[in-house]
1. Looking only at region 29-64, count how many residues are assigned to a loop (DSSP other than H, G, I, E, B), modelled with pLDDT under 75 and among the aliphatic types (A, V, I, L, M).
2. With the structure loaded, tell me whether VAL340 is touching a Leu at 6+ places or on another chain (Cβ under 7 Å), surrounded by 13 or more Cβ atoms within 10 Å (Cβ to Cβ) and over 21 Å from LEU431 (Cα atoms) or whether it fails that test.
3. Go through region 445-464 and report how many residues are surrounded by fewer than 22 Cβ atoms within 10 Å (Cβ to Cβ), part of a helix (DSSP H, G or I) and in contact (Cβ under 8 Å) with a residue 24 or more places away in the chain.
4. Being small (Gly, Ala, Ser) and in contact with an Asp or Glu (Cβ under 8 Å, 6 or more places away or on another chain) is the filter here; which residues of region 353-379 pass it?
5. In contact with a Lys or Arg (Cβ under 8 Å, 6 or more places away or on another chain), at pLDDT 65 or above, surrounded by 18 or more Cβ atoms within 10 Å (Cβ to Cβ) and at negative phi - does that describe any residue in region 224-244?
6. Just to be sure before I move on: is LEU401 of a type in the set (A, V, I, L, M), closer than 23 Å to LEU342 by Cβ and surrounded by fewer than 18 Cβ atoms within 10 Å (Cβ to Cβ) in the structure I sent?
7. Between ALA187, ALA208, which is among the small types (Gly, Ala, Ser), at pLDDT 75 or above and closer than 21 Å to ALA151 by Cα?
Amino acid sequence: MTEQRRHPRSRGLLVLMLGCVAAFATGIGPRPAGAVWDGVYDLVLYNVAYLPAVALCWLAADRVPRDRLAWRSLSAALLVSTVGNALRTYQAGSDATGTVSPVVDAIALVGYLLLYVTVVSMIRVRVPRFHPSMWLDGVIGALGAGAVGVAFLIGPYLDPAPGRQAVPLMQLGMPATDVLLIAMLFAVGSILGLRLDRTMGLLVPALALMTVGDLLLFSRTVRGTYVDGGPLELTWLASVALVAVAAYLARPAPPPVTEAGIRLSWRLIAVPLVCQLASLVVLMVGWGDQLPIGAAWLATGCTLAAIVRTFTTFGELRAFNEVREQARTDELTGLPNRRVLLEKADQVLAEATAARPAALLLLDLDGFKEVNDSLGHTAGDELLRQIGPRLQPALRPGEVLARLGGDEFAVLLPDISLDQAHDRAERLRALVLRPFPVEDIRLHVGVSIGVATAPVPATTVQELLRCADIAMYAAKGAGEGVHVYAPDPHGGSGDRLRTMEDLRTALDGDELLVHLQPQVSFTDGDVVGVEALVRWQHPVRGLLSPAELLPAAEQAGLLRPLTDKVLDLALTAAAGWWLQHPVPVSVNLSAANVNDVDLPAKVRTALERHGLPAEALTLELVEDTLMADPERGRQVLGELRRLGVRTSIDDYGTGYSSLAYLRHLPADELKLDRTLTRDVAGDDKAAAIVEYTALLAHRLGVRVVAEGIEDAETHTALARLGCDIAQGYAIARPMPVADFRAWLGRPSRPLADASRSTPG
């Protein structure tokens, strides 16, 4: 809490309070004689010193809302005490021989009750949730302190000492309230331990000092040794001064104490332990009715609470170990989880050397999605549960098999060479390739394993995981089963994880752009469309193609925002030529976009934002995406067509290759993949397939786009076979937006010589 946020009068109040205490201190011991001076010191200075503290506590309540009740009650307690002190001094007179009415004692009792509210409120705010152990610690502290207080502070006055009368019970009210307050303070210390924040660190000594003054006053009054105006008077003022300082320095309390945030140490158990030992002392000293029975009962209660606390501690430790074990164990398979793997890897890498390297194998099941899709997740879970028992016997002591999530597992191998790690990976792969009995079916699944070693090339755990992950995806892509990571000296495109992270940044910047590939009519050569193909102008690696960009986007879950970005870039480009050349632009949609229920609304908003009509846009969906969820595909295509947006089925010939689903999937266009079109000039069967595909598509009202046209001969053949639109390097290569607009404005656009170009 900064000085500027305190009330501007707070410092003045604190100075005034300390000045009154200092002025009163001048009257300790010899003071000017006369009733007037006694009134100045005892009635005015002494009580006026309380008032600034009352105001500071009230202001602290406004400054620290969470402790508002505590500061308000403490302010009220000081004010009530001030009134009680003034009345007591006035009624007792300058010679302290007057009779004090019971009303004054009642006022003092109200002040103590308000102090109890302060203590309870302070502890309640700092510990919003009490665990059983906290309750028991508080009970031990309160009972232990209460037992000592009753035994040694109140007990001696319950029975008449030789030559002294017994103290009336009414007169024991003040020390009894003090003992209760002491018990509460020890309860606070037992719950929080010796780790009080600044506010509690000042208030606890202040209240303790107050009780010391009260008990000394009571003792001297009973013995007849009390002298008005002595040093004892400063005890209460010192207590109030600590309260004033605490209020002046008060700031928003630290985060509440929770059991998870408390470290087991001597600071936590010190107060309960002292209180328990004190209770045992009370029981030993009181053996044979030497102390009041109340003290014995309190000490006994403290001991019983300590016993219960012991059993509670065992229960909490058992629960803690169970939770800790659960936090370190994969719930489905019972194998260690990622947390354990990382901890063990830290230890292994700390001991690994070039002469005694360590290795990490990253395993990813092939075909696991098909198991879930065909047999259900129950069967998939049963398959995953069998991986551990299948692989564990092949591991040596000290080697760790962990499940990282999904169908991904990892094996940490300390002190193993690269060749040995590769051999171990092949052995584990052979074990996985054996059939698994699941629901009375023998299932076969594949596995791709990436192998990485440390300390070369990986020097940290994260690098080791990254290298193994890259190797695993390389194994999956090449279909080789096991792949050993080898660094790419060119910082290559194989660094999939780094590409994923860079892509997140690129989506928010201006590194992504589109290149445009024209589509022309076979009939007259007019430009009838253009496909937007994403490119990434990477700041380090240069211009990256979709082959390098899209896999990273898919793995990072960024296909949807990437498509949104490409759609915006494509429409921005189309808006630049639409008025002069109404050529629509095509944008590819991913499966993530098809599953986006807001897709039609996003498309409509994007068109409106760029001031384009619906016919300026064609959206392409790949065949496999549509057939993975035909119902959803039909719904999306229908909604887009109702907007007026053209739809196209892309990459026809690479998936189901059937026109039957076109009866149910409304589309305007069918794009033949280059695998169907590249051989039509010299292969009669390929030509027949294309010819009859075009014929059937036309009967269904769908136009046919032929992709991958690389030369004039293929162009001529496809035109003869009935295709409507041509796209490929023979027409034009994908080009930047500015180049496309220049190309579009040319009066003549002959076929390009693409025979020397390799499709990209």
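The values are calculated or read from the model by the stated rules, or taken from the named source; none is laboratory data. Everything quoted here is computed from the prediction, not taken from an experiment. Cβ atoms come from the backbone with ideal geometry, glycine included; neighbour counts cover every protein chain shown.
1. 1
2. Judged against the criteria, VAL340 is not a match.
3. 1
4. Hits for region 353-379 are ALA358, ALA379.
5. no
6. For LEU401, the condition - of a type in the set (A, V, I, L, M), closer than 23 Å to LEU342 by Cβ and surrounded by fewer than 18 Cβ atoms within 10 Å (Cβ to Cβ) - is not met.
7. The match here is ALA208.
Yes/no matrix, rows are residues, columns are (1) buried (at least 22 other Cβ atoms within 10 Å of the Cβ); (2) touching a His at 6+ places or on another chain (Cβ under 9 Å):
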residue	(1), (2)
LEU503	yes, no
GLY525	no, no
VAL530	yes, no
ALA552	yes, no
LEU562	yes, no
ALA575	no, yes
ASP596	no, no
LEU617	yes, no
